[in-house]
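The values are calculated or read from the model by the stated rules, or taken from the named source; none is laboratory data. Source: prediction; values computed, not measured. As a convention, Cβ positions derive from the backbone with ideal geometry for all residues, glycine included, and neighbour counts pool all protein chains shown. Only protein heavy atoms, including side chains, enter the accessible area calculation; ligands, DNA and RNA are left aside. Shrake-Rupley method; radii C 1.70, N 1.55, O 1.52, S 1.80 Å.
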Amino acid sequence: MRIAVGSDHRGAELRSKLIDFLRQLDQVVIDATENASETDDYPDIAEAVARKVSSQEVDRGILICGTGLGMCIVANKIPGVRAAPCFDDLSAEMSRRHNDLNVLCLSGDMVAEKLADRIVEIWLKTPFEGGRHARRIQKIASLENRDGNAKE
Ligand code: RB5
């Protein structure tokens, strides 16, 4: 999978550890923060990663800030992006099974390295269940279309 990863200063330490971990798992990592310009404000990083997911330049995105919340709020403004913070195994698993989460948000302050590795591994390997959940995802997409904010 091609995965874009970005963080602000509060997620920087976890970001670099996760990038190593993702490469060990043979994932193709694009470090969106590496090429970021003057600012590391979370809206700028979240937008950059979310746009890569929206345009299908990458398959998935991972965003890390202090809480994981600011990144999530921003990423969900970009059409086609389904972002949520995950804090444990179950939220990681259900985010894939039911929500087809394509941007994982993590808290650099609250999620330690080993837990983050586990969350990421579960999130990568768990498939979307489709079926009735696909209908619900379609309803989310049609909200974007209705508001003139269709996928890029
Ligand atoms: C930055 O101070 C902090 O607000 C950010 O990392 C994040 O937690 C926002 O949601």
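Structure above, values below:
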{"read-out": "Test: residue in the range 46-60 that is more than 16 Å from the ligand (Cβ to nearest atom) and part of a strand (DSSP E or B)", "value": "yes"}
{"read-out": "Test set (1) surrounded by fewer than 16 Cβ atoms within 10 Å (Cβ to Cβ); (2) in contact (Cβ under 8 Å) with a residue 60 or more places away in the chain - Glu57 fails condition number", "value": "(2)"}
{"read-out": "Of residues in the range 78-108 being within 14 Å of the ligand (Cβ to nearest atom) and assigned to a loop (DSSP other than H, G, I, E, B), the one least open to solvent (accessible area, probe 1.4 Å)", "value": "Gly108"}
{"read-out": "Contacts under 8 angstrom Cβ, first residue in the range 62-75 being open to solvent by less than 10 Å² (accessible area, probe 1.4 Å), partner near the ligand (Cβ under 6 Å from one of its atoms) and assigned to a strand (DSSP E or B), 6 or more apart", "value": "Met71/Cys65"}
{"read-out": "Residues of the range 109-125 satisfying the condition of being open to solvent by 30 Å² or more (accessible area, probe 1.4 Å) and in contact (Cβ under 8 Å) with a residue 24 or more places away in the chain", "value": "Asp109, Met110, Glu113, Leu115, Arg118, Glu121"}
{"read-out": "Members of the range 16-45 found to be in a helix (DSSP H, G or I) and farther than 17 Å from Ala83 by Cα, listed by number", "value": "Ser16, Lys17, Leu18, Ile19, Asp20, Phe21, Leu22, Arg23, Gln24"}
{"read-out": "Residue that is nearest to Ile30 (Cα to Cα) [pool: residues in the range 61-75 that are within 10 Å of the ligand (Cβ to nearest atom) and assigned to a helix (DSSP H, G or I)]", "value": "Met71"}
{"read-out": "The range 53-107, residues that are touching a Gly at 6+ places or on another chain (Cβ under 9 Å), of a type in the set (A, V, I, L, M, F, W, C) and farther than 22 Å from Ser16 by Cα", "value": "Val81"}
{"read-out": "Residues (part of a loop (DSSP other than H, G, I, E, B) and in contact (Cβ under 8 Å) with a residue 24 or more places away in the chain) located in the range 126-139", "value": "Thr126, Pro127, Phe128, Glu129"}
{"read-out": "Residue that is modelled with pLDDT of 95 or more and either open to solvent by 20 Å² or more (accessible area, probe 1.4 Å) or near the ligand (Cβ under 10 Å from one of its atoms) (or both), where the choices are Leu18, Leu25", "value": "Leu25"}
